[in-house]
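Structure record follows, encoded as structure tokens.
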Amino acid sequence: DSGVTQTPKHLITATGQRVTLRCSPRSGDLSVYWYQQSLDQGLQFLIQYYNGEERAKGNILERFSAQQFPDLHSELNLSSLELGDSALYFCASSGGRPQETQYFGPGTRLLVL
Amino acid sequence: GIQVEQSPPDLILQEGANSTLRCNFSDSVNNLQWFHQNPWGQLINLFYIPSGTKQNGRLSATTVATERYSLLYISSSQTTDSGVYFCAVERVGNTPLVFGKGTRLSVIA
């Protein structure tokens, strides 16, 4: 158990819908990262937050947004869902400083029908 | 951006055999991690190893940062070792992890 929790574990929805994925980092970690794992793109970084502020942005679509709350949990919002958004979404956390291990949550498996 | 290449892409082993997985990267890195993704999709941290050698049971890893590669050794493989092994690096400058495409390992009893 990495100490990072994600809910829900599985999500099935329809095209055009909106979903919210939730992540709680390990106790004491200030930084949260979101990654997407799809069959064709592999594991890709989406976005990073550090202590409530956006720190880095990767290949995140405009239809996707995220935020980190004062209690340090984070939510990833996916809207106007398309079939191609079906993927495994991981959250990871670290202390936020360079050269630190990132610990990954169990992931949320999203299926868009 | 930084390129991360893993080899081989697929590997089939008989239980009890040893194996070496390789990760090459194209730029200097702050951080290198090895992960095992089990058949249920969970990503499990194996090693944080930006340089040097570490061992954990039947697994060990070596990173030669100056030559930009890392090796993961699995000895006396077991069926529970099956899954995909990923190498991920963090470029100098505190950037998020960049993953390789992984090595899919199947251990047969």
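The values are calculated or read from the model by the stated rules, or taken from the named source; none is laboratory data. Keep in mind it's a predicted model, so treat the numbers as computed, not measured. Cβ atoms come from the backbone with ideal geometry, glycine included; neighbour counts cover every protein chain shown. Please note that ligands, DNA and RNA were not included when accessible areas were found on the heavy atoms of the full protein model with its side chains. Shrake-Rupley method; radii C 1.70, N 1.55, O 1.52, S 1.80 Å.
Ligands, DNA and RNA left out, the accessible area of the protein assembly as shown computed with a 1.4 Å probe is 48% carbon and sulfur.
Near A:Leu21, once Lys and Arg are set to +1 and Asp and Glu to -1 for all other residues with Cβ below 12 Å from its Cβ, the sum equals +2.
Averaged over the residues of B:43-49, the number of partner chain Cβ atoms lying within 10 Å of the residue Cβ comes to 4. Note: relative contact order over chain B, using C-alpha pairs below 8 Å and six or more positions apart, is 37 percent. From the Kirkwood radius over Cα pairs of the protein assembly as shown, Stokes-Einstein at 25 °C and 0.890 mPa s returns a whole-number translational diffusion coefficient of 137 µm²/s.
If I take every Cα pair under 8 Å that is 6 or more residues apart in segment A:1-61, average their sequence separation and divide by the length, what percent do I get for the relative contact order? Over segment A:1-61, the number comes to 22 percent.
Taking every residue in A:99-106 and counting other chain Cβ atoms within 10 Å of its Cβ, the average works out to 6.
Accessible surface computed residue by residue for segment A:18-113, with neighbouring protein chains in place and a 1.4 Å probe, gives 45 Å² per residue. Taken over the alpha carbons of segment B:1-65 as equal point scatterers, the Debye sum produces base-10 log I(q)/I(0) values at 0.15, 0.25 Å⁻¹ of -0.56, -1.40.
The stretch between A:Arg22 and A:Ser79, if pulled fully straight at 0.36 nm per residue, gains 19.1 nm over its current Cα-Cα span.
With coordinates expressed along the principal axes, the C-alpha atoms belonging to chain A extend over 38, 28, 26 Å, beginning with the largest.
Kirkwood's formula applied to the C-alpha pairs of chain B gives a hydrodynamic radius of 13.8 angstrom. Pairing chains A and B buries close to 1500 square angstrom of accessible surface in total, based on protein heavy atoms and a 1.4 angstrom probe.
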